[in-house]
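Contents: one structure, followed by commentary.
The values are calculated or read from the model by the stated rules, or taken from the named source; none is laboratory data. Here the structure is a predicted model, which means the values were calculated and not measured. Cβ placement follows ideal geometry from the backbone for every residue including glycine, while neighbour counts extend to all protein chains displayed.
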Amino acid sequence: MKGLSDRIRVRSIVGRFLEHSRIFHFANGGDDEIYLGSADWMPRNLFERCEVVFPVREPAALARIHDEILPAYLADTLKARLQQPDGSYLRAGKLLKELKPFSAQDFLMQLAEGKVDLDAIPKAGASRPPAKSAAKKAEGATTANS
């Protein structure tokens, strides 16, 4: 909706781990917030089940999500589908043909096994979270509230 949701970006990745997790990153003009959740926000899940979305406030968790997980998923060109303004989805690989093929889920498995490091996430052309880390904001808030 023009003026309301025209700056929202939706990326769907269905791969080996399906598409169960949800990560919501709100930049809020530099006042980053990250929320995690599960399942589809469909009527059967919202009205017949208990679904949870919660803010991430612990600095180490925020840093991993903001600096490792989100950049990897935002750089995915193999399994990612990008929602279009009309609600349809197009494969990222077709829209971003100039980018090297990259699978976020394969990368994260290799990262956990110590086979790659964060430098393996493609930078050119990838839609990445803002440079200001959400973890730094939370760390300051945690310190102020301690």
Go through the residues of the stretch 1-19 one by one and say whether even a single one is surrounded by 10 or more Cβ atoms within 10 Å (Cβ to Cβ), free of Cβ contacts under 8 Å to residues at least 24 places away in the same chain and under 15 Å from residue 104 (Cβ atoms). yes
Can you tell me which of (1) among the hydroxyl-bearing types (Ser, Thr, Tyr); (2) in a loop (DSSP other than H, G, I, E, B); (3) at pLDDT 90 or above is the one residue 5 doesn't meet? (3)
Filter the stretch 83-135 down to the residues that are basic (Lys, Arg) and either loosely packed, with under 14 Cβ neighbours inside 10 Å or in contact with a strand residue (DSSP E or B) (Cβ under 9 Å, 6 or more places away or on another chain) (or both), then identify the one that is modelled with the highest pLDDT. 115
